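**Student:** Below is a structure I'd like to ask you about.
The values are calculated or read from the model by the stated rules, or taken from the named source; none is laboratory data. Quantities reported herein were computed from a predicted structural model and do not represent experimental measurements. Counting neighbours? That spans all protein chains shown, and the Cβs are built from the backbone with ideal geometry, glycine included.
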Amino acid sequence: MKLKEAIENLGEKEAISQANTLATDIGVNWNNGICHVFSVIVKAPSRIPNIGANNDDKITVIRKWILKYQKGLENRASVRISNPPGTIPDPVVEEIIASCLTQLKSDDLNKITYAHRLGMSAENILGLLLEEYLAINLKNHGWHCAWGETIKSVDFVNENGRLLQIKNRSNSENSSSSQIRYGTLIEKWYRIRADRLEYMWDGINTICETNHLSEISFVKFVKETLTSNPKALAVETNNPWGTT
């Protein structure tokens, strides 16, 4: 049974009641945001994520959704331990660079390889850092994070029913999320333009009726978070600069 079918069969009131009970049993505080997130998918079936297997019953599939939310919450940047890349560098990449920049030495090429991989690791957690920064700073304004992608193409929900999708860059939305958002009331915001250095914090301050979100504040959060939890950034042990 899929989650959508389970909610339809139970009805709004009973589905919420069951989710409340299951969350409490699992150890998730129902009143700490998850209740508002679940309320959205109960009232808008088109936004229910594809969760559930053929042999799942109604309770099992709701429990899976709650565990998905919990996993997302527990994987936030401030507490996660990121794994290094599972692939090895392709040696021919250094040959390509060396063929064009003949002045580079072997050590230079090695540093370029690992700098690129380190940069990708940083980009992998950038979205998580932005998500957690907003979750912390918007909670008192009635906005709650849909941790673990527990609503289709929605990252934050407001207690009054508004929906928000956030992206780091203006070019980072894929076609599938565009299609899901088309024709809906999901609001959209991105942090920075992809074609020039222009930050869009005024936009989210307007959407969320705040005035304290800024790039300076976000960078401060990033530094404090990584200082407190350096293992959030995956650093390969054989990189040229050592480990955290």
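**Student:** Would you confirm whether or not segment 50-71 contains a residue that is touching a helix residue (DSSP H, G or I) at 6+ places or on another chain (Cβ under 6 Å) and surrounded by fewer than 16 Cβ atoms within 10 Å (Cβ to Cβ)?
**Tutor:** Checking segment 50-71: not a single residue is touching a helix residue (DSSP H, G or I) at 6+ places or on another chain (Cβ under 6 Å) and surrounded by fewer than 16 Cβ atoms within 10 Å (Cβ to Cβ).
**Student:** Quick one: would you say residue 192 is modelled with pLDDT of 95 or more, under 30 Å from residue 231 (Cβ atoms) and out of contact with any Cys (no Cβ under 6 Å at 6 or more places or on another chain)?
**Tutor:** yes
**Student:** Assuming residue 102 fulfils every condition listed in (1) in a helix (DSSP H, G or I); (2) of a type in the set (Ser, Thr, Tyr); (3) not assigned by TED's automatic domain parsing to the domain that holds residue 24 apart from one, which condition is it?
**Tutor:** (1)
**Student:** Could you figure out which of (1) modelled with pLDDT of 95 or more; (2) outside any loop (DSSP other than H, G, I, E, B) isn't true of residue 149?
**Tutor:** (2)
**Student:** So, one more: Any idea which of (1) surrounded by 11 or more Cβ atoms within 10 Å (Cβ to Cβ); (2) over 14 Å from the mean Cα position of the chain (by Cα) is the one residue 133 doesn't satisfy?
**Tutor:** Every listed condition holds for residue 133 apart from (2).
**Student:** Is it the case, given these coordinates, that residue 32 is out of contact with any helix residue (DSSP H, G or I) (no Cβ under 8 Å at 6 or more places or on another chain), assigned to a loop (DSSP other than H, G, I, E, B) and either of a type in the set (Ser, Thr, Tyr) or not assigned by TED's automatic domain parsing to the domain that holds residue 163 (or both)?
**Tutor:** No, not satisfied.
**Student:** Among all residue pairs at least 6 apart or on different chains, which show Cβ distances below 6 Å where the first residue, located in segment 76-95, is at pLDDT 95 or above and the second is of a type in the set (A, V, I, L, M, F, W, C)?
**Tutor:** Cβ pairs passing all conditions: 77/125; 77/128; 77/129; 77/232; 80/232; 82/232; 82/234; 94/109.
**Student:** Residue 62 versus (1) of a type in the set (A, V, I, L, M, F, W, C); (2) part of a helix (DSSP H, G or I); (3) modelled with pLDDT under 95: which is the lone unmet condition?
**Tutor:** It fails just one condition, (3).
**Student:** A further question follows. Which one of the conditions (1) at pLDDT below 95; (2) farther than 19 Å from residue 154 by Cα; (3) outside any loop (DSSP other than H, G, I, E, B) does residue 54 fail to meet, given that it meets all the rest?
**Tutor:** All conditions are met except number (3).
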